Amino acid sequence: MTTSATLLPEIFDNIKVIDADTHYSEPHDLWVKRAPAAMKKRVPRVETIDGILSWVIDDSLVIGRGATASSSITKAGLKPPGLACVDWRNDDVHPGSYDVRARVGVMNETGIFAQVVYPNILGFGGQHSAKVDPALRLLSVQIYNDAVAEMQTESGQRIFPMAVLPWWDVAAAVTETKRCHAMGLRGININSDPHGHKDPAGNPLPDLGQPYWDPLWEICVGLDLPVNFHIGASEQAMDWMGTQGWPGLSFEMRAALGGSMLFVNNARVMGNIILSGVLDRYPALKFVSVESGIGWIPFMLESFDFQYLEITTGRPLKLAPSEYFRRNFYACFWFEQRNLRQVIENVGADNCMFETDFPHPTCLYPAPLTRCTAALATLDKVTRRKVLSETAARVYKIALGPGTQLSATQPGFRDR
């Protein structure tokens, strides 16, 4: 990485920037080294399948062909254009993609105080775990959560991974939420469309708006844990290179279109949550729309309000749909530069958080803060502090007091 935190523009002075969406290139031995002996040949691991090194689970079921790192950052800290990175493995990319100390080093160099982290291998919403039997999928989720809890501790409370849940069983999800909270994790990450699957007894799972899920919402409210919906958090939602692009588009063009449509798909998730009425039952529940941008939100909220008032009878909700967003939702932005001040005003400064998407192909690195300086400079100081730091600190309970997040193992990060 070439950017130094000491060279950042003064608009970032005294702001401890929190990056609300990054990803973890899981080490190849993450599951194997923590699994019981009888399960080491079943948990997620890297093997050669049909001549290609791949992530597999159970009896060589491929869940990550090519064993790619899902990182676009070279060992030298550069981010070249294009999608050659889709074939890179951990050995090809910057250690900050998969190593905790190296990641903290990247954060120090680029002026990032803390990061929220999401998975790759099990799916952005843990959906790949559904491909195996309940015992194996539960173990795979638990091992991941154990590993990232260790990561959070090793980082000196600078990196905050979100827990993956056993979303196929609400009782198991409640138990795992409690366990992860006890380990210090600050939020949960869940499949946005469980109703496309069955529970362990073979019954179709209800959608997230149904009372079946109330025990999970109750524990999230009780523990004050945010529920995060990352884009592509279900088999239904993850269509990056699927049917979005017309057949005549090139691979890169289809990727560009698919990435944008993934953002907008979170409007479907948000709208379903709002219109289901779950937020009337749990008015203190917090949801975060992750890696989806913010520009579409005012339009969709106005549309929800209009459609709701024009079409529904009896007004089943206690509030207008848009009012639930201000009370219960947060969203993350990174690439949006045009009219940022007006967009944030329309969405709500208390509902917006900054992200970089490190180390994915559309991330802001190697200079995430200087790259968006011009847009952020249009914000007043109070708003800039909220979206860069304070809102995420409140949602994820990240301490911002002087020195409280630093340790002797992370030298070089100046008190910002």
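The values are calculated or read from the model by the stated rules, or taken from the named source; none is laboratory data. Remember, predicted model here, so these are calculated numbers, not experimental data. Backbone-built Cβ (ideal geometry, glycine too); neighbour counts: all protein chains shown. Heavy atoms of the whole protein, side chains included, go into the accessibility calculation; ligands, DNA and RNA do not. Shrake-Rupley method; radii C 1.70, N 1.55, O 1.52, S 1.80 Å.
Restricting to region 361-383, count the residues that are open to solvent by 20 Å² or more (accessible area, probe 1.4 Å) and not polar (S, T, N, Q). Within region 361-383, residues that are open to solvent by 20 Å² or more (accessible area, probe 1.4 Å) and not polar (S, T, N, Q) number 9.
Would you pick out the residues in region 237-255 that are closer than 25 Å to PRO119 by Cα and either buried (at least 17 other Cβ atoms within 10 Å of the Cβ) or modelled with pLDDT of 95 or more (or both)? Within region 237-255, ALA237, MET238, GLN244, ARG254, ALA255 qualify. Out of curiosity, is GLU355 open to solvent by 30 Å² or more (accessible area, probe 1.4 Å), modelled with pLDDT of 95 or more and among the acidic types (Asp, Glu)? When the stated conditions are applied, GLU355 does not pass them.
In summary, strands (runs of 3 or more DSSP E) completely within region 1-105 and bearing 2 or more residues that are open to solvent by 10 Å² or more (accessible area, probe 1.4 Å) occur at 45-49, 52-57, 61-64. Working only within region 167-207, note down all residues that are open to solvent by less than 10 Å² (accessible area, probe 1.4 Å), assigned to a loop (DSSP other than H, G, I, E, B) and modelled with pLDDT of 95 or more. Once the filter is applied, which keeps residues that are open to solvent by less than 10 Å² (accessible area, probe 1.4 Å), assigned to a loop (DSSP other than H, G, I, E, B) and modelled with pLDDT of 95 or more, region 167-207 yields LEU185, GLY187. Across region 308-315, not a single residue is classified as surrounded by 15 or more Cβ atoms within 10 Å (Cβ to Cβ) and touching a strand residue (DSSP E or B) at 6+ places or on another chain (Cβ under 8 Å). Within region 256-281, residues that are closer than 17 Å to VAL221 by Cβ and open to solvent by less than 50 Å² (accessible area, probe 1.4 Å) reach partners that are part of a helix (DSSP H, G or I) and of a type in the set (Val, Ile, Thr) with beta carbons closer than 8 Å, at six or more positions or on different chains, in the pairs LEU279/ILE273. Residues that are of a type in the set (Gly, Ala, Ser), within 23 Å of the chain's Cα centre (by Cα), part of a helix (DSSP H, G or I) and modelled with pLDDT of 90 or more: does region 268-275 have at least one? Yes, region 268-275 has at least one match.
Apart from one condition, ILE294 fits all of (1) in contact with a Cys (Cβ under 7 Å, 6 or more places away or on another chain); (2) farther than 25 Å from GLY187 by Cα; the exception is (2).
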